[in-house]
Amino acid sequence: MKKLFYALPIFGLLFFASCDKDESNEIIDESAITSDFSLKDIYDFQKDVTISSEEGSTGVVRIYANNQSALTNYSTENLSLMEIHSNETLKESLVRHNIMDLTETTIDSEEGDAKDASFEETGNDIAFELVQLTKANPNSKYAINFNHPQTNASKASWQYYTHYSSVNQAQIAEIARHNFWRRVYYGLKYKAYSNSSWATIQNEWKLISNNQSFSHTKNPCYQFRFRVKTKNNSAYTVTFDY
């Protein structure tokens, strides 16, 4: 009886601590959401942009480039955080947020577009990595919407972007296009384990039509790497099951 008397306050403390945890925002710390290898070894410059969702969640996207001027124009005008309810798909969330218009059609021509550009050849590309996420709703998933700024490059020039998932955080990689005018292509690789080589899931370059999405699941998965080929002002969304 005496043991039970002493145990009751302990159980009470555990119960209240559990309640406090459930009611607080879920914060994913940068230390738990960083790449295994350092992107600083690949890129010379970096910039952090804090983004938010309509529901009050916030995230920090780290942008990498070998040309510092390429980072200058990036701001919250080009990146946004979007909440995906537990009962909806990525496309349904894009429609709900008035980002995707399913009534739009698309006319794509792949002629001359499929020229490969390897990761090693595109040293002028820009890379993105979510390094911190504070969830207002822990039951929801999140995606990042991209609307890249204009560059000095010709409108006919292709631009290349790389998107890294957090290590040991995702088993799903998904991408959607929501721009009528600009074509979007992608390729996807992943590592099953930390010491694995990059393995191809989707060869470069797969065309994404307007209002179309592609989802890939891998288990086990240590990390995903999306490669995107598009042009100025192209709009698309990426999620790694955040």
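The values are calculated or read from the model by the stated rules, or taken from the named source; none is laboratory data. Just so it is clear, the structure is predicted and the values come from calculations on it, not from any experiment. Ideal geometry is used to build each Cβ from the backbone, glycine not excepted, and the neighbour counts take in all protein chains shown. All accessible areas refer to the heavy atoms of the entire protein, side chains included, with ligands and DNA or RNA removed. Shrake-Rupley method; radii C 1.70, N 1.55, O 1.52, S 1.80 Å.
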Conditions: (1) under 21 Å from ALA127 (Cβ atoms); (2) free of Cβ contacts under 8 Å to residues at least 12 places away in the same chain. ILE175 meets all but one. Number of the miss? (2)
THR50 passes all but one of (1) modelled with pLDDT of 90 or more; (2) over 23 Å from ASN233 (Cβ atoms); which number fails? (2)
Considering residues that are aromatic (Phe, Trp, Tyr), open to solvent by 60 Å² or more (accessible area, probe 1.4 Å) and in contact with a Ser or Thr (Cβ under 9 Å, 6 or more places away or on another chain), the number found within the range 181-195 is 1
Residues ASN147, ASN139, ASN98: which one is at positive phi, at pLDDT 90 or above and either among the hydrophobic types (A, V, I, L, M, F, W, C) or out of contact with any Cys (no Cβ under 7 Å at 6 or more places or on another chain) (or both)? ASN98
Looking only at residues in the range 166-183 that are of a type outside the set (S, T, N, Q) and over 18 Å from ASN210 (Cα atoms), which one is farthest from the chain's Cα centre (by Cα)? VAL167
Can you name the residue in the range 196-212 that is open to solvent by 50 Å² or more (accessible area, probe 1.4 Å) and assigned to a loop (DSSP other than H, G, I, E, B) and, of all such residues, is nearest to SER93 (Cα to Cα)? GLN212
How many of the residues in the range 163-190 are charged (D, E, K, R), assigned to a strand (DSSP E or B) and at pLDDT below 95? 0
Of residues in the range 33-86 being in contact with a Lys or Arg (Cβ under 7 Å, 6 or more places away or on another chain), of a type outside the set (A, V, I, L, M, F, W, C) and within 21 Å of TYR142 (Cα to Cα), the one surrounded by the most Cβ atoms within 10 Å (Cβ to Cβ): SER57
Only one residue in GLU77, GLU92, GLU129 is part of a loop (DSSP other than H, G, I, E, B) and either of a type in the set (D, E, K, R) or modelled with pLDDT of 95 or more (or both). Which one? GLU77
